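Derivation of every value follows stated rules applied to the coordinates shown; laboratory data play no part. The structure presented is a predicted model; accordingly, all values stated were derived computationally and were not measured. Using ideal geometry, Cβ is built from the backbone for each residue, glycine included, and neighbour counts are taken over all protein chains shown.
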């Protein structure tokens with residue numbers, strides 16, 4: 001079985017490759033939300049490296065991942081805001097407001113110095129909802145002459161549904177899993193990294209496909 005450390009290194013490597021793809025084809029992208037996804041990849045690398053550095057210094061690194069969860073939801077809300085209709089944009093703005101208030105309450109009164117798993121669950125539910133809605137609209141609007149391979153959002157939303165559906169149960173309840181069994185928590189976190197790998201492989205495919213010249217498929 002592949003060790004957690006190897007999976008973690010592969011995961012970081014794939015995120016870095018995705019970021020490189022985004023940088024290489026940066027001028028080919030014509031949509032603002034794609035730039036936001038590339039920036040999010042950069043933020044992931046900074047967060048993971050920062051968390052690793054703090055852990056090596058035996059400093060509590062929960063705060064950096066808590067900050068990332070909040071930043072991620074805000075950035076991806078912007079991404080979905082750019083691709084949705086006015087009605088969905090109102091829902092997204094409402095989601096951002098409620099999420100911000102909840103994450104602040106959780107940080108101050110519930111999970112102060114720990115990883116804010118409740119905030120992660122809330123964020124994951126919102127992103128699953130946005131992703132499923134996009135995929136529904138995507139499949140409903142596409143014609144037979146358009147390729148389902150085109151566009152980063154199709155790949156991103158597919159990966160998002162897979163990743164957050166699994167991780168709501170793993171990362172969202174990590175404190176409970178640790179209380180039950182340390183070894184079980186480690187095994188579940190290994191699954192977490194596999195889901196990460198699948199997610200960012202799909203994101204990389206999407207970024208590459210988005211940069212390709214328009215081609216008509218039948």
Fewest-first sequence of 88, 153 by Cβ atoms within 10 Å of each Cβ: 88, 153
Global geometry of the range 1-124, whether rounded, prolate or oblate, following the gyration tensor of its Cα atoms and the 1.5 cut on a/c: oblate
Sorted by Cβ density within 10 Å, fewest first, the residues 48, 176: 176, 48
Candidate values (1) 1, 6, 12, 15, 16, 14, 12, 10, 7, 5, 2, 0, 0; (2) 1, 7, 13, 18, 21, 17, 12, 7, 4, 1, 1, 0; (3) 1, 7, 14, 18, 17, 16, 12, 9, 5, 1, 0, label of the one derived for P(r) over Cα pairs in 5 Å bins from 0, in percent: (2)
Spin-label pair residue 56/residue 17, simplified geometry with 7 Å Cα→Cβ offset, distance in nm: 2.4
Length released on extending from residue 49 to residue 67, taking residue separation times 0.36 nm less the Cα-Cα span: 5.1 nm
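Once every DSSP H run of n ≥ 4 in the chain is given -39500 (n - 2.57) and the sum is divided by its residues, what mean residue ellipticity at 222 nm do you get, rounded to the nearest 500 deg cm²/dmol? Please list the in-between numbers first.
Working: 8 runs with 169 residues, N = 218.
Result for the chain: -27000 deg cm²/dmol, rounded to the nearest 500.
Just rank 53, 115, fewest to most, by other beta-carbon atoms within 10 angstrom.
Least to most surrounded, the residues fall as 53, 115.
Quick one: compute the contact order of the chain, relative version, from alpha carbon pairs under 8 angstrom and 6+ residues apart, as a percent.
Working: 221 pairs, mean separation 59.1, N = 218.
Over the chain, the number comes to 27 percent.
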